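Computed from the coordinates by the stated procedures, all read-outs in this text should not be read as laboratory data. If you're wondering where the values come from, they're calculated on a predicted model, not measured in any experiment.
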């Protein structure tokens, strides 16, 4: 079973989490309801088991909670994938949501990188500052060793934009983590 657990405690957040790449329980509690909704969508659409319990300094703002959750999820993906043997490595997906279209492409290469193109017309969705969506993906990419490209060519509703991004990313990660070969998907023989 491709699984990982992670515990991270700082002066800003206290996070306990578990991941199963092959499915399982989905239970998210970060204290930010809209962010919980996005992470639940990610897990469900990716077919991942994901449990997160995060206590953050929300009295300051949402930044530390969102970024640190991205760090933890990224580290769990890196651990659960191990030497990245057998996985497809690449994944991409277009996700439409009403007036919005989002695209995500990933390469689980060991080379962290984020390219993020999305404009959020509304600065907040619920308690989440929309600028933090990019911070989540930066933290994930850096800590999982994944190249992530996200682009939203159009959209007018920030809820739809964020949700389409998380769903496109979920399907991309699902495609990239599926086991399809006996070796490592690289001409180098190593990632």
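Give me Rg/Rg_expected for the range 26-128, where Rg uses Cα atoms only and Rg_expected = 2.2 N^0.38 Å with N residues. Present the calculation step by step, with values, prior to reporting the outcome.
Details: Rg = 15.1 Å, N = 103, 2.2 N^0.38 = 12.8 Å.
Expressed relative to 2.2 N^0.38 Å, the Cα Rg reads 1.18.
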### Message
Using alpha carbons only, how many angstrom separate the centre of the range 3-39 from the centre of the range 74-93?
### Response
18 Å
### Summary
Whole-Å distance linking the alpha carbon centroid of the range 116-163 with that of the range 45-69 is 14 Å
### Summary
Long-range alpha-carbon pairs in the range 107-173, meaning those over 18 Å apart, account in percent for 34 percent
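May I ask for the percentage of alpha-carbon pairs in the chain that lie more than 19 Å from each other? Show your work: numbers first, answer last.
Numbers: 10032 of 18145 pairs.
Result for the distance tail: 55 percent.
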